[in-house]
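Take a look at the structure set out below.
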Amino acid sequence: MTDTQLDTSTKDTASPKESGVVLETRGLVKRFGTNTVLDGIDLTVHRGEAVVVVGPSGCGKSTLLRCIVGLEQLDGGQVLLDGEVVSGEGASVRSKETRQRVGMVFQSYDLFPNKTVLGNVMLAPLKVQKRDKTKVMAQAEQLLRRIGLWDKRDVYPSTLSGGQKQRIAIVRALMMNPDVMLFDEITAALDPEMVHEVLQVVVELADGGLTMVVVTHEMRFAEALADRIILLDAGHVVEESSNPSQFFSNPQTQRAKDFLRSFEFERSRENE
Amino acid sequence: MDGGAIAAGIPFFGTLDWDFIAENTPVFIEAAGVTLNISFWGIVFSLLLGLVCAMILELRIPVARQITLAYIEISRGTPLLIQLFLIFFGLPKLGIRWSPELSAIIGLTFLGGSYMCEAIRAGLESVGSIQYESAQVLGMGRLQTMRFIVIPQAISTSLPGIVANVIFLIKESSVVSGIALADLMYQAKDLIGMTYDTAETLLLLVITYAVILLPISIIGTILERRFDYARR
């Protein structure tokens, strides 16, 4: 397991850095046909907090993120940003504006193949936010240097590894200066040896105080990253904990115990 | 030793009347101008019509979509010669009279539009939904997404089909001789009828078409490489 190599020494795992609610979902419902994927999800994310959502495949984790960012129409409930309803009943702002305040990185590689690395990261700040090109370039240089890919600025995505693509996708989302970042199983499509380089970037961003909601199957990463952890199952929040270590070592619900049991074999192999 | 003398030493070429070829080359150059003129405008309007049809199908615009689908089937399912006859000989019965040049351009556009539509549509459909979603997440609107993300990627996929259609339409333009337009094919048939120098005339015809089409093929290959983002 590569995520065992994560440097968690700087991570403050004591408590969430509470300084106001940035993102909130109230009674969020999403159905696909007759299948209710999310059934009344209440989620609160505070500024600077890293919330990790885990759960079995098909439990609605990705759908939750897609609803938050506005890629899915809600069938009930609301999404609020800084107390303002941005999606669902009584939404006061357009979804396009919401998307600029919430950054998202997908599971599959989503860089634009017709743009260079710089083209990818600068496109939206220039064309959507209409920001000054010099300032955008300076920010792009700073962020690309931070992830060690400034020398790749003029190449096209097809020449990059999966890990490099995902790191650049993270930078592209950060370039919009979002209030919240959503990460949807961003290492699921990566070779194991590339997982670490991507997760390390996320951990560093969390250490830097970036507010984020992370969906992942990497349990060690989840434990290292989370200020709060949420177990989702069949569209419901089954267990929520502000003490990730306790969640993993002593879960409170039977469902959480069953879910985590599947990872015990993995852990026991690591400890051998 | 000139080229004609060298060619005269090769079997088949040795039997040709090189003076006839030299004498009639200007006729073919002039006819090539006619072929190029109608082909150029036919291709330009085919691309425009194809783009409009592809957008109608992609956006699933009611009624317009059904009309477009019917047009594609009729356009692809009938020979260009018949289409030209209908335009040039049939429409005057309804009071619509167009010159042979305009009829040829409209005929090529009617045929080419459906082929261009399918090539462009294949390109648009090749762009994955994740690209649209990524653009949406970055706050890009529909037009920005099409302009900066989807169309450039669609061109990459469509280009081989579009280039093939361009070559197809130029070759297919030979049919316009059927409505008395003095293009390459018309001049070739005229010369054969007058002189019976079939081999020389067809050689001139083949060479002229090759001189027109080979550069287009090469330019097409260069453009395909230019837009092939996957190989960069």
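The values are calculated or read from the model by the stated rules, or taken from the named source; none is laboratory data. Computed from a predicted structure; not experimentally measured. Glycine also receives a Cβ, built like all others from the backbone with ideal geometry; neighbour counts cover every protein chain displayed. The accessibility values were calculated without ligands, DNA or RNA, using every heavy atom of the protein model including side chains. Shrake-Rupley method; radii C 1.70, N 1.55, O 1.52, S 1.80 Å.
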Take B:L102 and tell me if it is open to solvent by less than 80 Å² (accessible area, probe 1.4 Å), at pLDDT 90 or above, farther than 30 Å from B:I151 by Cα and over 15 Å from the mean Cα position of the chain (by Cα). yes
Give B:I67, B:I56, B:I130, B:I96 a once-over and let me know the one that is without any contact (Cβ under 8 Å) to a residue 24 or more places away in the chain, over 21 Å from the mean Cα position of the chain (by Cα) and within 14 Å of chain A (Cβ to nearest Cβ). B:I130
When segment B:1-23 is checked residue by residue, the ones that are outside any loop (DSSP other than H, G, I, E, B), at pLDDT 65 or above and touching a helix residue (DSSP H, G or I) at 6+ places or on another chain (Cβ under 6 Å) are B:F13, B:G14, B:W18, B:F20, B:I21
Which members of segment A:96-124 meet the condition of being within 21 Å of A:D151 (Cα to Cα), more than 7 Å from chain B (Cβ to nearest Cβ) and open to solvent by less than 10 Å² (accessible area, probe 1.4 Å)? A:V117, A:N120, A:V121
Out of all the residues in segment A:209-227, which are in contact with a Pro (Cβ under 9 Å, 6 or more places away or on another chain) and either assigned to a loop (DSSP other than H, G, I, E, B) or not aliphatic (A, V, I, L, M) (or both)? A:L210, A:T211, A:E223, A:A226, A:D227
Filter result for A:G163 (more than 21 Å from A:T63 (Cβ to Cβ) and either open to solvent by less than 10 Å² (accessible area, probe 1.4 Å) or touching a strand residue (DSSP E or B) at 6+ places or on another chain (Cβ under 6 Å) (or both)): yes
Please name all residue pairs, on different chains or six or more residues apart, with Cβ atoms under 8 Å, provided the first residue is in segment A:119-138 and is under 23 Å from A:S158 (Cβ atoms) and in a helix (DSSP H, G or I) and the second residue is of a type in the set (K, R) and open to solvent by less than 20 Å² (accessible area, probe 1.4 Å). A:N120/A:R172; A:V121/A:R172; A:A124/A:R172
From the option list B:I170, B:I155, B:I151, single residue qualifying as open to solvent by less than 40 Å² (accessible area, probe 1.4 Å) and either within 30 Å of B:Y229 (Cα to Cα) or in contact (Cβ under 8 Å) with a residue 60 or more places away in the chain (or both) is B:I170
Whether any residue in segment B:186-202 is away from every other protein chain (no Cβ under 14 Å) and modelled with pLDDT under 85 is what I want to check. yes
Any residue that is in contact with a strand residue (DSSP E or B) (Cβ under 6 Å, 6 or more places away or on another chain), buried (at least 23 other Cβ atoms within 10 Å of the Cβ) and either within 26 Å of A:E204 (Cα to Cα) or at pLDDT 95 or above (or both) - is there at least one of those in segment A:10-20? no
Which of the residues that make up segment A:154-181 are closer than 22 Å to A:C67 by Cβ, part of a loop (DSSP other than H, G, I, E, B) and more than 8 Å from chain B (Cβ to nearest Cβ)? A:P178, A:D179
For segment B:28-139, which helices (runs of 4 or more DSSP H) that fit wholly inside it have 2 or more residues that are touching an Asp or Glu at 6+ places or on another chain (Cβ under 9 Å)? B:64-77, B:100-126, B:129-137
Which one of these does A:P178 not meet: (1) touching a residue at least 60 places away in the same chain (Cβ under 8 Å); (2) open to solvent by 30 Å² or more (accessible area, probe 1.4 Å); (3) of a type outside the set (A, V, I, L, M)? (2)
